1. Can you name the helices (runs of 4 or more DSSP H) wholly within region 55-130 that have at least 2 residues being among the aliphatic types (A, V, I, L, M) and over 15 Å from the mean Cα position of the chain (by Cα)?
2. Restricting the first residue to region 99-112 and requiring it to be in contact (Cβ under 8 Å) with a residue 12 or more places away in the chain and closer than 17 Å to L133 by Cα, which pairs with a second residue that is assigned to a helix (DSSP H, G or I) and open to solvent by 40 Å² or more (accessible area, probe 1.4 Å) meet a Cβ separation below 6 Å and a spacing of at least six or different chains?
3. Suppose we filter region 119-173 for residues that are of a type in the set (S, T, Y) and modelled with pLDDT of 95 or more; how many remain?
4. Considering each residue of region 40-54, count those that are part of a loop (DSSP other than H, G, I, E, B) and surrounded by 14 or more Cβ atoms within 10 Å (Cβ to Cβ), and give that number.
5. Could you list all residues from region 1-35 that are part of a loop (DSSP other than H, G, I, E, B) and either at pLDDT 80 or above or open to solvent by less than 60 Å² (accessible area, probe 1.4 Å) (or both)?
6. Show the residue pairs meeting these rules: Cβ distance below 7 Å; 6+ apart or different chains; first residue within region 36-54 and over 18 Å from V67 (Cβ atoms); second residue of a type in the set (K, R).
Amino acid sequence: ENAGDLYTFTRVIKDKYEPKQRIALIEMLWEVAFADGNVDYYEANLISRVAGLIFVNDFEEFKGVFVKELKNKAITKIVFVGAAFLSQSSLFLNTSDDEIDNILNINLRMYVKFTQFLLPHMLKLRSGHFIFLSSFRSQITCRGTSLYSASKAFGEVFFEIIGKEYGALGVYSGS
C-alpha cells in the first residue's frame with residue numbers, strides 16, 4: 001500500500017538482520033549501482049537513505065565497493081554529483097545540537113569525505129568532475145534557512161575551489 005515509504009521496509013531489516021547482514025546488504029546495493037559502470041544520483045541517494053535507516057555507514061561500504069570496481073573495470077573518468085538536501089526544521093536558535101550536527105554532517109562533512117577519497121583516483125586517471133547540485137531553497141534568504149543555506153553555500157564554493165586547484169590536472173567542477 002505505501003510502497004514509497006522506506007521506513008516501513010527498512011525497519012524490518014534493522015530489527016531482524018544482524019549488523020554484518022545489514023552491511024552485506026548495503027555492499028550488494030552498491031554493487032548493483034556500479035553494475036552498469038555509472039552510479040547515478042538517485043541510486044546513490046537511495047542507498048544512502050537506506051543505509052541511514054538500517055544504521056550502516058554507507059560511506060565505508062561505498063569505498064570498499066568502489067575500489068573493487070575500479071580494479072575490475074576499465075574506468076576512464078569519475079563523476080561525483082553532490083546533492084544533500086538536509087534542511088533545518090526551525091529557526092536557528094530553536095535548532096537542536098543534534099539537528100545542527102546532522103545538517104553539518106550531511107551538507108558539509110560528507111562532501112569533504114567523498115572528495116578526499118575520490119580526488120586521488122581522479123588525479124591518477126587525470127579525469128574527473130565534481131558537480132554540485134543545490135536546491136532553490138538554499139538561494140533564498142528567509143526565516144528557518146540560515147544553517148541550511150550557509151552549508152549549501154559552503155558546498156558550492158568548496159567544489160568551485162577544488163576545480164580551480166586541480167583543473168590543470170584533469171579534475172573539474174561545476175554547479
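The values are calculated or read from the model by the stated rules, or taken from the named source; none is laboratory data. Because the structure is predicted, anything quoted here is derived from the model rather than measured. Cβ sites come from the backbone with ideal geometry, for glycine too, and all protein chains shown count toward neighbours. Surface areas here come from the heavy atoms of the whole protein model, side chains and all, with no ligands, DNA or RNA. Shrake-Rupley method; radii C 1.70, N 1.55, O 1.52, S 1.80 Å.
1. Values: elements: 58-72, 97-104, 110-125.
Result: 58-72, 110-125.
2. Listed by first residue and then by second, the contacts come to L108/F154.
3. Step one: list which residues in region 119-173 are of a type in the set (S, T, Y), which gives 127, 134-135, 138, 141, 145-146, 148-149, 151, 166, 172-173.
From what is left, the residues that are modelled with pLDDT of 95 or more are 166.
Residues flagged as of a type in the set (S, T, Y) and modelled with pLDDT of 95 or more within region 119-173 amount to 1.
4. Adding up the residues that qualify gives 1.
5. Residues of region 1-35 that are part of a loop (DSSP other than H, G, I, E, B), as a first pass: 1-5, 17-18, 35.
Passing the criteria: D5, Y17, E18, A35.
6. L53/K14; I54/K14; I54/R22
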